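The values are calculated or read from the model by the stated rules, or taken from the named source; none is laboratory data. For clarity, every value in this text was computed on a predicted model and none was experimentally measured. Here Cβ is always computed from backbone atoms with ideal geometry, including for glycine, and neighbour counts include all displayed protein chains.
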Amino acid sequence: MKKDELAAVIRVDEEKCVNCHACIAACPVKYCNNGAGEKVTVNHAICIGCGNCIHACTHQARVIVDDSAEFFSALDKKEKIIAIVAPAVASNFPGRYLNLNGYLKSRGVEAIFDVSFGAELTVFSYIKHIQAAAPPFCIAQPCPAIVTYIEIYHPELLPYLAPADSPMLHIIKMIREYYPQYKNHRIAVLSPCIAKRREFDETGLGDYNVTFLALYEYLEQNRVNLASFAAEDYENPPAERAVTFSMPGGLLITAERHRPGIGRVTRKIEGVHTIYPYLENVAKTINSGGGKNGELPVLVDCLNCEKGCNGGTGTRNGETPMDQLEAPIWKRRAEVEAKYGGSKSVEKNQKKMFKILSNYWKKGLYHRSYRDLSKNYTIKIPNNQELAGVYKSLRKFGEQDIYDCNTCGYGSCRGMAIAIFNGLNRPENCHHYNLSLIDEDRGTIERLNENLGIQVEKSLSFMKGINDLINNLNDQIVRQASAIEESSAAIEQMMATINNTASMAQKKQSAIQMLVSNVEQGRASMRETIEAVGTITKGVEGVGSTIKVISAIAANTNLLSMNAAIEAAHAGDAGRGFAVVSGEIRRLSETTRENSRNIANTLTGIIDGIKVTTARSSTTDTLITTMAEEVNGFANTMTELINSLGELSIGSKEITTALVLLREHAEAIKDGYHTMMDKTRTLEESMQMITQMERQ
């Protein structure tokens, strides 16, 4: 780190930062914070390390930076380390601060010194400076935040800063000078102050700034019970009144021992919002040529923290009451006073303390010089014209627009304007600017509101039309659902009929097959009949020929009988018997002949009938053949019909399933309609509510 650079003692956790500007409001120097972005960042070059923003940030976005991690790492590495402990340790570890020494030694710290004794040396140096130089005005400098403030913002006060080291630097220089065995040891400073890192960097003294807060958290996380360690005293001679140095006014309590009545020419002042305005006014007084005629005190006993070092920025005591913080300090003072003879032996104590301090004080050893860091402060102050331009960007056009509301954190509109002029903030963080935008847009909003009302009315009318359409749709849905139910019932009945028909057709299919078989058998029988008729016809025709022969024989027989009768007549009585026989023969022949004719006629009729029968049988055969073909065609058609009915029966199941789905869809449409109606009513209610809000 370069000599003029300043270490970061505050870190911003950007994940937690909400850009609320509480840190800027709490900061005594304001412009070390940059609020121009989404998160407020810190410019460490002009941050004085007062730590007030840490307590102000309720989001824990501001975090202290110290060297505790490096210190414990060095202990683990067995580096040669000694420690010095600030007097505020008695308040931060009440009743256990000497046990803390025992713990540190168990970790490898070789020696531990009490900064309270360094405070005794510091007051000794102040008194000698005041006695020797008789300055008109002297500012005590135990607090590094105050030193940094003067170095950056009011370097004209540097000549008035006490030219003596702080108590911590006094004890460090004392160790280097009077304890040569620790000359090369690194020094850890157990401190209540985050800004001490700046002091160590500037002077090159002190290696680790270990805050009490970080130390306490480390002990808690590692479950270290200090009571289990032996109480170990400090290496240096015991301090006396300076054990109160961590309290506001502790310097005066100690100084009164050396110079009684010094409190009457001393200004005791502490607290961020008190000390820095006070120093600013002192600077104005000095710059104006004043302060030479007793307007200023001889000594300013000042601290950055309102509760002193006991409630410093590196402690966890920010909210602890003063009485509770200081009780352990007063107890310790009583204990050390007893070692020096008690409060009744003031003069004796003074002599003892003077002698001890003289043994550890050397002229020039504890001298302190300071740096002028005003070049770090590059903030430009705008002239009136530039300021007016910034105000214009903030929509501030007159005195009535100067609110000084502190919403921005700067305490005044001018402070905000300076920040914007230097790029450290933006108009959007100005309360008036945002109100102005709202006011400017109010007319537009009212017009939009009016248009909104019109549109809402149109929307309500449109909603009414939608409701009417939905109601009509509902009627159609109801009718459709009813039609679906009726169609479903009819289709189900049809499907049942088809299934029954298919079942009956399947049962009749065997009968049809039997019919086809019977027709085939009938056709075969008819052909056999036709063949038999033909055979009979031929036989009858043969009988006819035989009858002709018989008829011819009968004719001849008749002729012979006639001849026999004639011959019998010729024979007389002898021939009478023969005449009778010939007569019978003649009758028989005539009867035979007559029968032959009848038979012939009958046969002729039979033959004619057979011919007719044959013709009709042929016709019947043709018809039976045709009928067989038709029956076969019918059978095939019935088979196809049965197969189709089977497929139709299978398809009917799918139709039935589809009908079920159709019913379900119909029910879903009904439900959807009701939901749509509910949403429409809700939308209508919302539109009506918007109308009411618009009217309001």
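Within the stretch 357-377, can you find the residues that are assigned to a loop (DSSP other than H, G, I, E, B) and touching a residue at least 60 places away in the same chain (Cβ under 8 Å)?
Tyr360, Trp361, Lys362, Leu365, Tyr366, Arg368, Ser369, Tyr370, Arg371, Asp372, Leu373, Tyr377
Can you tell which of Ile286, Ile275 is in a helix (DSSP H, G or I), in contact with a strand residue (DSSP E or B) (Cβ under 7 Å, 6 or more places away or on another chain), farther than 27 Å from Val336 by Cβ and touching a residue at least 12 places away in the same chain (Cβ under 8 Å)? It would help to see each step written out before you state the result.
Numbers: Ile286 fails: in contact with a strand residue (DSSP E or B) (Cβ under 7 Å, 6 or more places away or on another chain).
None of the others qualify; the one that does is Ile275.
Go through (1) surrounded by fewer than 23 Cβ atoms within 10 Å (Cβ to Cβ); (2) within 56 Å of the chain's Cα centre (by Cα) for Thr266 and report which single condition fails.
The number of the failed condition is (2).
Of the residues Val18, Val89, Val63, only one is in contact (Cβ under 8 Å) with a residue 24 or more places away in the chain, in contact with a strand residue (DSSP E or B) (Cβ under 6 Å, 6 or more places away or on another chain) and farther than 18 Å from Asn304 by Cβ; which?
Val63
Quick check on this structure: which one of Tyr208, Tyr234 is surrounded by 15 or more Cβ atoms within 10 Å (Cβ to Cβ), farther than 20 Å from Gln141 by Cβ and under 54 Å from the mean Cα position of the chain (by Cα)? Quick ask: steps written out before the conclusion?
Numbers: Tyr234 fails: under 54 Å from the mean Cα position of the chain (by Cα).
Just one listed residue meets the conditions, Tyr208.
For the stretch 617-642, what are the residues that are modelled with pLDDT under 70 and not polar (S, T, N, Q)?
Asp621, Ile624, Met627, Ala628, Val631, Phe634, Ala635, Met638, Leu641, Ile642
List every residue pair whose Cβ atoms sit under 9 Å apart, with the two residues 6 or more apart in sequence or on different chains, where the first one lies in the stretch 158-170 and is outside the structural domain of Asp114 (by TED's automatic domain parsing) and within 10 Å of Pro142 (Cα to Cα) and the second, anywhere, is part of a helix (DSSP H, G or I) and at pLDDT below 95.
none
Scan the stretch 380-411 for residues that are in a loop (DSSP other than H, G, I, E, B), at pLDDT below 95 and among the polar types (S, T, N, Q) and jot them down.
Within the stretch 380-411, Asn406, Thr407 qualify.
Report, by residue number, each residue of the stretch 166-181 that is in a loop (DSSP other than H, G, I, E, B) and under 59 Å from the mean Cα position of the chain (by Cα).
Taking the stretch 166-181 as the starting set, the residues that turn out to be in a loop (DSSP other than H, G, I, E, B) are 166, 179.
Passing the criteria: only Ser166.
Which of the following residues is surrounded by 21 or more Cβ atoms within 10 Å (Cβ to Cβ) and either of a type in the set (D, E, K, R) or over 20 Å from Tyr377 (Cα atoms) (or both): Lys39, Lys30, Lys16? It would help to see each step written out before you state the result.
Values: Lys39 fails: surrounded by 21 or more Cβ atoms within 10 Å (Cβ to Cβ); Lys16 fails: surrounded by 21 or more Cβ atoms within 10 Å (Cβ to Cβ).
Just a single option satisfies the conditions, and that option is Lys30.
(1) without any contact (Cβ under 8 Å) to a residue 60 or more places away in the chain; (2) more than 48 Å from the chain's Cα centre (by Cα): which one isn't true of Lys339, the others all being true?
Looking at each condition in turn, Lys339 falls short on (1).
Which of the residues spanning the stretch 89-110 are touching a helix residue (DSSP H, G or I) at 6+ places or on another chain (Cβ under 6 Å) and of a type in the set (Gly, Ala, Ser)?
Ala90, Ser91, Gly108
Suppose we filter the stretch 141-165 for residues that are within 22 Å of Gly314 (Cβ to Cβ), under 55 Å from the mean Cα position of the chain (by Cα) and at pLDDT 95 or above; how many remain?
The initial filter retains those residues of the stretch 141-165 that are within 22 Å of Gly314 (Cβ to Cβ), namely 141-152, 165.
Of the ones still in play, those that are also under 55 Å from the mean Cα position of the chain (by Cα) are 141-152.
From what's left, at pLDDT 95 or above: 143-152.
Counting residues in the stretch 141-165 that are within 22 Å of Gly314 (Cβ to Cβ), under 55 Å from the mean Cα position of the chain (by Cα) and at pLDDT 95 or above gives 10.
Residue-wise test of (1) in a helix (DSSP H, G or I); (2) within 26 Å of Thr266 (Cβ to Cβ).
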position: Lys78; (1), (2): no, no
position: Ala83; (1), (2): no, no
position: Ala90; (1), (2): yes, yes
position: Leu98; (1), (2): yes, no
position: Tyr126; (1), (2): yes, yes
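Please state which of the following conditions Gly314 fails to meet, knowing it meets all the rest: (1) of a type in the set (Gly, Ala, Ser); (2) surrounded by 16 or more Cβ atoms within 10 Å (Cβ to Cβ); (3) assigned to a helix (DSSP H, G or I).
(3)
Could you grab me the full set of residues in the stretch 372-411 that are touching a helix residue (DSSP H, G or I) at 6+ places or on another chain (Cβ under 9 Å), under 30 Å from Leu157 (Cα atoms) and among the polar types (S, T, N, Q)?
Ser374, Asn376, Asn406 - these are the residues of the stretch 372-411 that are touching a helix residue (DSSP H, G or I) at 6+ places or on another chain (Cβ under 9 Å), under 30 Å from Leu157 (Cα atoms) and among the polar types (S, T, N, Q).
Among the residues of the stretch 94-103, are any outside the structural domain of Gly318 (by TED's automatic domain parsing), modelled with pLDDT of 95 or more and either surrounded by 24 or more Cβ atoms within 10 Å (Cβ to Cβ) or over 25 Å from Arg426 (Cα atoms) (or both)? Write out each step before concluding.
The first filter runs over the stretch 94-103 and keeps only residues outside the structural domain of Gly318 (by TED's automatic domain parsing), leaving none.
No, because not a single residue in the stretch 94-103 is outside the structural domain of Gly318 (by TED's automatic domain parsing), modelled with pLDDT of 95 or more and either surrounded by 24 or more Cβ atoms within 10 Å (Cβ to Cβ) or over 25 Å from Arg426 (Cα atoms) (or both).
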